[in-house]
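Heads up: the structure comes next, in structure tokens.
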Amino acid sequence: MKPTIHETIRARRLALGLSQVEAARRSGIQQRQVSTFERGGDVTLSTLLKLAQALDMELMPVPREDSAKLESFLKAKRGPAPSNSSPSLLDRYQVKDDEELSNG
């Protein structure tokens with residue numbers, strides 16, 4: 001099932017490592033507005049735009065008949081979905097210890 005805009009905004013905030021308070025501060029809105037929206041509540045369009053900007057997101061109206069094409073395009077640009085097992089921090093950042101550095 002396709003995530004809702006509420007879930008997408010929340011996931012982006014968490015991916016950036018921001019609390020609701022930090023996201024609200026960045027966007028100039030109140031924390032309760034962030035909470036309300038993330039729980040599926042309604043906010044004004046101007047509030048949503050401020051929150052999206054604070055999370056470095058774009059809100060783009062797309063004609064419904066073009067949405068499937070856009071989703072396919074975006075998936076192709078991202079590459080395959082990540083596996084369920086995430087790499088360790090050492091693998092992710094390719095950290096080498098001192099011994100590896102001196103040998104090669």
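If only residues of the stretch 48-73 that are of a type outside the set (Lys, Arg), in a helix (DSSP H, G or I) and in contact with a helix residue (DSSP H, G or I) (Cβ under 8 Å, 6 or more places away or on another chain) are counted, the one that is surrounded by the most Cβ atoms within 10 Å (Cβ to Cβ) is Leu51. The condition of being acidic (Asp, Glu), out of contact with any strand residue (DSSP E or B) (no Cβ under 7 Å at 6 or more places or on another chain) and modelled with pLDDT of 95 or more holds for only one of Glu58, Glu22, that being Glu22. Residues in the stretch 21-66 that are among the polar types (S, T, N, Q) and within 19 Å of the chain's Cα centre (by Cα): Ser27, Gln31, Gln33, Ser35, Thr36, Thr47, Gln53. Taking the conditions exactly as written (within 19 Å of Arg10 (Cα to Cα), modelled with pLDDT of 95 or more and surrounded by 10 or more Cβ atoms within 10 Å (Cβ to Cβ)), does Val43 satisfy them or not? So Val43 does not fit the description; no. Residue by residue through the stretch 9-20, note down the ones that are in contact (Cβ under 8 Å) with a residue 12 or more places away in the chain and part of a helix (DSSP H, G or I). If the condition is that a residue be in contact (Cβ under 8 Å) with a residue 12 or more places away in the chain and part of a helix (DSSP H, G or I), then Ile9, Arg10, Arg12, Arg13, Gln20 are the ones that fit.
The residues of the stretch 21-32 that are in a helix (DSSP H, G or I) and not small (Gly, Ala, Ser), listed by number, are Val21, Glu22, Arg25, Arg26, Gln31, Arg32. The one condition from (1) modelled with pLDDT of 95 or more; (2) surrounded by fewer than 11 Cβ atoms within 10 Å (Cβ to Cβ); (3) outside any loop (DSSP other than H, G, I, E, B); (4) not aliphatic (A, V, I, L, M) that Ser35 does not meet is (2).
The values are calculated or read from the model by the stated rules, or taken from the named source; none is laboratory data. Source: prediction; values computed, not measured. Note: ideal-geometry Cβ built from the backbone for every residue, glycine included; neighbour counts use all protein chains shown.
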